[in-house]
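Peer 1: Starting off with a structure, shown below.
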Amino acid sequence: MNNKQFAVIGIGRFGSSVARSLSEMGYEVLAIDSDEQRTQEISSIVTHAVSADSTDEDALRALGIRNFDVVVVAIGEDIQASILTTLILKDLGVPLIVVKAQNELHGKVLQKIGADKVIFPERDMGLRVAHHLTSPNILDYIELSEDYSIVEMRVTDAMVGKNMKELSIRAQFGCNVMAIKKGTKMNISPSPDDRLEKEDVLIIVGEKGNLQKLEMAYSK
Ligand code: ATP
């Protein structure tokens, strides 16, 4: 059992998935939701599940929330409750606060009041699906920052048989191939002589515009 302790506030679809995954990874998880039925449902999966209103500072204090290493706020629809909860957690001195934002403005407010990490699961998933739909060679897409992303790209016919030097992705597109996936095997330090085969997958990091040029060059 790993000794890092997590609390998840708001056990909707997203919160329950986070709580369940952490639990399955062996972490201690406290799940909090104002809806008793939600806490009941998750109680057999996580270490503790309690019904409480997270906008009630005394209730959070009584739960000893400040002793948790990470608190995830996964309240979606009630933006006011999400902001108030984050403020209280910050005041109580929780070391790492991760909050799910409903939209950009909500995200900005959360950042201003001191959320350590703001996540946009729907937006990010939408982005990934869109990239995969528009260029079928793109298997996955992860946004690192406003300007940089990582893509998982299936090797195209034009790449098969070439080595990394011949492909010269860095020189041509300014992107870096971090790894080559060959089935279940992963080559995490590709060398210039590594030759690409059908079914290989490249993991590439780069500036968004450059990645797009690369995607387009190989989309035919
Ligand atoms: P998802 O998409 O993950 O289902 P959602 O965007 O629909 O989430 P909500 O259903 O609004 O999010 O909220 C998630 C959970 O947060 C709900 O189970 C709700 O009961 C809980 N919740 C809302 N407000 C509070 C609060 N003040 N204190 C504790 N839990 C709360």
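The values are calculated or read from the model by the stated rules, or taken from the named source; none is laboratory data. Bear in mind the structure is a predicted one, so any value in this text is a computation, not a measurement. Note that we place each Cβ from the backbone using ideal geometry, even for glycine, and neighbour counts take in every protein chain shown. What goes into the accessible areas is simple: the full protein's heavy atoms, side chains included, and nothing from ligands, DNA or RNA. Shrake-Rupley method; radii C 1.70, N 1.55, O 1.52, S 1.80 Å.
Peer 1: Give the average over all directions of the projected area of the C-alpha convex hull of the range 1-80, one decimal, in nm².
Peer 2: Details: hull surface 19.3 nm².
Computing the convex hull of the Cα atoms and averaging its projections yields 4.8 nm².
Peer 1: Divide by every residue of the chain the summed helix terms, -39500 (n - 2.57) for each DSSP H run of at least 4, and state the resulting mean residue ellipticity at 222 nm, rounded to the nearest 500 deg cm²/dmol.
Peer 2: On the way: 9 runs with 81 residues, N = 220.
Rounded to the nearest 500, the figure is -10500 deg cm²/dmol.
Peer 1: Report, in degrees rounded to the nearest 10, the 0 to 90 angle that the Cα long axis of helix 121-134 makes with the longest principal axis of the chain.
Peer 2: Helix 121-134 and the main axis of the chain meet at about 20 degrees.
Peer 1: Quote to one decimal, in nm, the extra length available between Ser189 and Ser17 on full extension: 0.36 nm per residue of separation minus the C-alpha distance between them. Display every interim value, and only then the final one.
Peer 2: On the way: separation 172, 0.36 × 172 = 61.92 nm, distance 3.29 nm.
So the extension gain works out to 58.6 nm.
Peer 1: Could you list the residues of the range 75-116 with an amide nitrogen less than 20 Å from a label point located 7 Å from the Cα of Ala130 in the Cα-to-C-beta direction?
Peer 2: Residues passing the 20 Å test: 101-108.
Peer 1: Also: How much accessible area per residue does the range 111-200 have, counting only protein heavy atoms and a probe of 1.4 Å, in square angstrom? Walk me through the numbers on the way to the answer.
Peer 2: Numbers: 5760 Å² over 90 residues.
About 64 Å² of surface per residue is accessible.
Peer 1: Could you compute the net charge surrounding Glu77? Neighbours are other residues with a C-beta less than 14 Å from the C-beta of Glu77; K and R count +1, D and E count -1. Mind dumping the intermediate values first?
Peer 2: Details: positive: Arg13, Arg38, Lys100; negative: Asp33, Asp35, Asp78, Glu122.
Local charge sum for Glu77: -1.
Peer 1: Principal axes first, then extents: for the Cα atoms of the chain, list largest minus smallest coordinate on each axis, whole Å, largest first.
Peer 2: The Cα atoms of the chain stretch 64, 37, 27 Å along the principal axes, largest first.
Peer 1: Now, a different point. Rounded, prolate or oblate, given the Cα gyration tensor of the range 72-117, with a/c below 1.5 counting as rounded? If you can, show how the numbers build up before the last one.
Peer 2: On the way: a/c = 1.74, a/b = 1.49, b/c = 1.17.
Cα axes put the range 72-117 in the prolate bin.
Peer 1: Same structure again: If you roll a 1.4 angstrom probe over the protein chains with everything in place, what fraction of the accessible area of the range 1-150 belongs to carbon and sulfur, to the nearest %? All intermediate terms of the calculation are to be shown ahead of the outcome.
Peer 2: Details: 4100 of 8350 Å².
Carbon and sulfur together cover 49 percent of it.
Peer 1: What ranking do 83-92, 173-182 get when scored by the average of other Cβ atoms within 10 Å per residue, highest first? Before the final figure, lay out the partial values.
Peer 2: Numbers: 83-92: 20.0, 173-182: 17.3.
Averaged packing, sorted descending, gives the order 83-92, 173-182.
Peer 1: Where does helix 208-217 land angle-wise versus the long Cα axis of the chain, in degrees 0 to 90, nearest 10?
Peer 2: Roughly 40 degrees, rounded to the nearest 10.
Peer 1: Find, to one decimal place in angstroms, the Kirkwood hydrodynamic radius of the range 155-220, where the mean of 1/r is taken over every pair of different Cα atoms and then inverted. Spell out each step's value before the answer.
Peer 2: Details: mean 1/r = 0.0838 Å⁻¹.
Across the range 155-220, the inverse of the average 1/r is 11.9 Å.
Peer 1: What is the spin-label model distance, in nm, from Gln40 to Lys162 if the labels are put 7 Å beyond Cα along the C-beta direction?
Peer 2: My value for the distance between the label points is 6.1 nm.
Peer 1: Could I ask something else about it? If I fit a long axis through the Cα atoms of helix 13-24 and take the longest principal axis of the Cα atoms of the chain, what angle between them do I get, 0 to 90°, rounded to 10?
Peer 2: 80 degrees
Peer 1: Lys112: which aspartates and glutamates have alpha carbons under 16 Å from its alpha carbon, excluding same-chain residues fewer than 8 sequence positions away?
Peer 2: Within the straight-line limit of under 16 Å, Lys112 reaches these aspartates and glutamates: Asp91, Glu104.
Peer 1: Sticking with this structure for a sec: If you put +1 on each Lys and Arg Cβ and -1 on each Asp and Glu Cβ, how big is the dipole of the chain around its Cα centre, in Debye rounded to 20?
Peer 2: 860 debye
Peer 1: Sticking with this structure for a sec: Could you sort the peptides 186-197, 59-70, 36-47 by per-residue average Cβ neighbour count (10 Å cutoff), highest mean leading? It would help to have the intermediate numbers written out before the result.
Peer 2: Details: 186-197: 13.0, 59-70: 16.7, 36-47: 15.0.
Going by the mean number of other Cβ atoms within 10 Å, highest first, we get 59-70, 36-47, 186-197.
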